[in-house]
Amino acid sequence: MWIINSKNYTPYYVVDGQQRLTTTIILIQAIVECVPDNTRLNFTSTEEIKKKFIYDSKNEGISRSYLFGYEKDNPSYEFLKANIFLEKTDSSLPVQETIYTYNLEFAKKYFLANLKKLSFEQIERLYKKITQNFLYNIYSISDDVDVFVAFETMNNRGKPLSHLELLKNRLIYLSTKFKTDDFEKQKLRISINEGWKSIYHFLGRNKEKILDDDIFLSNHFITYFSDAIQSKESLLRDIRFRRHLNNSNSWLGEYLLEQVFTPKNIAVINPEVSLEDELKIEKIYNYVQSLKESVKLWYHLLNPHHSLLPEKEKFWLEKLNKHPSPIATTVAPLIMTIYEKEKKEQTRLSFLKSLERYLFVQTLNRYAYISDFNQTKLFNMINLFIKGEFSTDKIIKEIDEIVNSFIGKKENIEQIISDMKNSGFYRWVGIKYFLYEYEISLKNRTKTYREKLNWEQFIDNGLSEGEDKRDYYTIEHIYPQNSKKSYWTEKFKYYSDKERRLLKNSLGNLVPLSEKKNQSFGNESFEVKKGIPKSMVGYRYGSYSENQIANYENWTAKEILERGLKMIDFWEKRWNFIIGDKKEKAKFLHIEFVIEKEGISLD
């Protein structure tokens with residue numbers, strides 16, 4: 001208060017413009033850090049700049065009054081002070097990190113990296129533009145104007161806020177409208193603020209995998225309002241349609257903010273509201289508490305290695321998180337519901353295994369979902385399970401029956417073969433997941449703990465920042481797509497253009513790379529690709545899958561078929577997905593013509 005009273009400052013809460021002000025202050029701090037000590041920018045010392053824009057000190061003592069910041073109970077307060085302004089923190093607790101603190105840190109790192117590329121004169125010009133050329137329109141809201149309504153109105157332009165951010169504001173606004181004791185309103189308001197602190201802490205806890213606000217809110221919505229969703233067919237159709245097309249969550253805001261948490265559902269404001277729709281203070285409190293508890297579970301389901309779950313469950317949850325159909329946008333509500341209610345470890349484990357098998361089979365269906373397991377079925381399962389009318393064992397049985405029915409129909413297998421005919425397995429959405437699982441199976445045979453294929457690099461094409469994507473690929477065609485070398489033209493000269501294309505994209509010809517290899521290397525002869533000792537590049541020095549290939553003397557259509565059959569054997573055993581005899585497997589691989597041309601016996 002000393003700076004307010006002694007310098008006649010007027011404090012304001014910022015309703016709109018927080019990001020612009022925060023970004024500006026971070027940039028000024030970064031500029032101060034980038035110029036040498038005892039340097040003056042536009043005849044102003046760095047200490048004077050800090051005093052004018054960052055903080056002031058009372059009689060040059062140890063106290064600090066920050067001119068722009070957060071409420072002290074906001075996790076971003078200590079982070080801004082310690083990590084952005086580089087000031088000492090008085091808190092004995094570790095600085096809490098959230099999605100917002102991640103954004104603060106990202107902005108500062110970005111500014112520092114780019115400022116280092118500028119000359120002192122350029123930095124000086126930049127500082128002048130920031131401090132003298134920025135223009136702000138200032139609208140002061142008087143006490144008799146509802147600040148929460150202003151917040152929603154002013155933030156309904158430009159880049160929209162997440163529904164989670166708007167929802168917090170709406171709930172606090174509603175807390176002021178109930179006709180009840182002030183301490184009850186205050187209790188609700190505290191619970192909302194604390195709940196959102198916890199939510200943003202968990203959503204931003206893993207910096208390598210920041211979790212999306214609205215995807216969390218959407219999945220919690222489906223579990224919390226499952227009964228209402230089930231009873232409103234129009235809402236169910238809208239959710240199913242939008243999630244299938246583009247995962248748009250516009251329906252979420254419309255329902256939560258316009259139908260559930262709206263002033264018209266408060267009896268004091270609208271005496272005609274129905275008992276079913278009426279909002280009471282307990283209803284909002286229970287919803288906030290559910291969000292607060294669910295976000296912890298949400299975080300651990302998507303980051304199982306950070307959880308205290310049994311190791312076997314972590315193992316299978318990791319697999320689910322690797323799937324090309326991410327659980328966060330598909331079956332997560334069902335997983336959340338099971339983990340909230342099911343206490344038996346073995347039952348949860350069986351559920352995860354069945355779900356992983358379902359997701360694998362789903363990748364083979366050109367419509368991206370198995371028709372018998374649509375959103376209606378999913379909501380029905382969740383609703384019946386919550387009501388106690390469905391057990392976890394019953395859900396497992398339903399999922400297994402759906403998968404077995406799908407793969408047991410010959411016409412479905414024929415459709416899969418037809419869908420993959422043109423681009424083969426190379427363009428299959430599940431190819432990386434399958435190759436990684438096959439790689440793990442080869443590793444397990446060696447009885448070693450060493451992993452040679454990093455999943456994160458594998459799915460990101462192995463690229464580091466600034467590297468050219470054209471230099472290499474993480475899945476390589478052993479018989480290369482650009483097969484002009486004499487080795488390849490000789491080995492495959494008896495095959496037509498169409499047959500060569502099918503061979504190149506067949507499963508047995510695809511290998512995951514553990515190390516970066518440029519495009520030209522991938523077109524070399526098989527002897528070179530296996531590896532030259534002096535270069536230490538090649539299949540001999542790569543993943544377990546590459547090591548297996550390096551044991552072959554040559555690479556022809558025979559080897560592609562032989563390796564493909566081995567991979568389908570693994571396929572059948574791993575997912576209990578029977579393709580058939582060797583001839584049917586060769587057909588599934590799209591290279592049954594090799595059997596006759598090479599005179600291969602399949603006995």
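Looking only at residues in region 549-603 that are assigned to a loop (DSSP other than H, G, I, E, B) and among the acidic types (Asp, Glu), which one is modelled with the lowest pLDDT?
Only one residue fits best here, namely 603.
Here is a yes/no grid of residues against (1) in a loop (DSSP other than H, G, I, E, B); (2) under 23 Å from residue 166 (Cβ atoms); (3) in the same structural domain as residue 355 (by TED's automatic domain parsing):
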residue: 270; (1), (2), (3): yes, yes, no
residue: 275; (1), (2), (3): yes, no, no
residue: 278; (1), (2), (3): yes, yes, no
residue: 282; (1), (2), (3): no, yes, no
residue: 286; (1), (2), (3): no, yes, no
residue: 289; (1), (2), (3): no, yes, no
Residue 414 vs. criteria acidic (Asp, Glu) and assigned by TED's automatic domain parsing to the domain that holds residue 322:
no
Of the listed residues (395, 327), the one being within 27 Å of the chain's Cα centre (by Cα), surrounded by 18 or more Cβ atoms within 10 Å (Cβ to Cβ), of a type in the set (A, V, I, L, M) and modelled with pLDDT of 90 or more is 395
Among 28, 84, the single one that is modelled with pLDDT of 90 or more and closer than 28 Å to residue 194 by Cα is 84
Within region 408-426, restricting attention to residues that are of a type in the set (Gly, Ala, Ser) and part of a helix (DSSP H, G or I), which residue is surrounded by the fewest Cβ atoms within 10 Å (Cβ to Cβ)?
418
Which pairs do you get when a residue that is over 14 Å from residue 325 (Cα atoms) and at pLDDT 90 or above, found in region 350-375, comes within reach of a residue that is in a loop (DSSP other than H, G, I, E, B) and not hydrophobic (A, V, I, L, M, F, W, C), reach meaning Cβ atoms under 8 angstrom, with the pair 6+ apart or on two chains?
351/342
Going residue by residue through region 53-75, is there one that turns out to be within 34 Å of the chain's Cα centre (by Cα) and not in a loop (DSSP other than H, G, I, E, B)?
yes
So which residues in region 427-439 are part of a helix (DSSP H, G or I) and either surrounded by fewer than 16 Cβ atoms within 10 Å (Cβ to Cβ) or at pLDDT below 90 (or both), if there are any at all?
427
Might you check whether a residue that is farther than 29 Å from residue 197 by Cβ, at pLDDT 90 or above and surrounded by 15 or more Cβ atoms within 10 Å (Cβ to Cβ) occurs anywhere in region 259-266?
no
Residue, surrounded by the fewest Cβ atoms within 10 Å (Cβ to Cβ), within region 267-304, restricted to residues that are closer than 15 Å to residue 202 by Cβ and free of Cβ contacts under 8 Å to residues at least 60 places away in the same chain
293
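Specify the residue that is surrounded by the most Cβ atoms within 10 Å (Cβ to Cβ); the eligible residues are those in region 1-24 that are assigned to a loop (DSSP other than H, G, I, E, B) and among the β-branched types (Val, Ile, Thr). Working first, answer last.
Step one: filter region 1-24 for residues assigned to a loop (DSSP other than H, G, I, E, B), giving 1, 7-17.
Imposing the further condition that a residue be among the β-branched types (Val, Ile, Thr) reduces the set to 10, 14-15.
On the way: 10: 6, 14: 11, 15: 17.
In this case the residue turns out to be 15.
What do you reckon, is residue 133 over 25 Å from residue 196 (Cα atoms), at pLDDT 90 or above and of a type outside the set (A, V, I, L, M, F, W, C)? Full working, then the answer.
Details: over 25 Å from residue 196 (Cα atoms): yes; at pLDDT 90 or above: yes; of a type outside the set (A, V, I, L, M, F, W, C): yes.
Answer is yes for this residue.
Would you mention how many residues in region 36-51 are of a type in the set (Ser, Thr, Tyr) and in contact (Cβ under 8 Å) with a residue 40 or more places away in the chain? Give the steps one after another, and end with the answer.
Here is the first cut: in region 36-51, the residues of a type in the set (Ser, Thr, Tyr) are 39, 44-46.
Now drop any that are not in contact (Cβ under 8 Å) with a residue 40 or more places away in the chain, which leaves 39.
Qualifying residue count for the region: 1.
Can you tell me which of 87, 33 is in contact (Cβ under 8 Å) with a residue 24 or more places away in the chain and part of a loop (DSSP other than H, G, I, E, B)?
Details: 33 fails: part of a loop (DSSP other than H, G, I, E, B).
Result of the check over 87, 33: 87.
The values are calculated or read from the model by the stated rules, or taken from the named source; none is laboratory data. Please read these numbers as outputs of a predicted model, since none were measured by experiment. Glycine also receives a Cβ, built like all others from the backbone with ideal geometry; neighbour counts cover every protein chain displayed.
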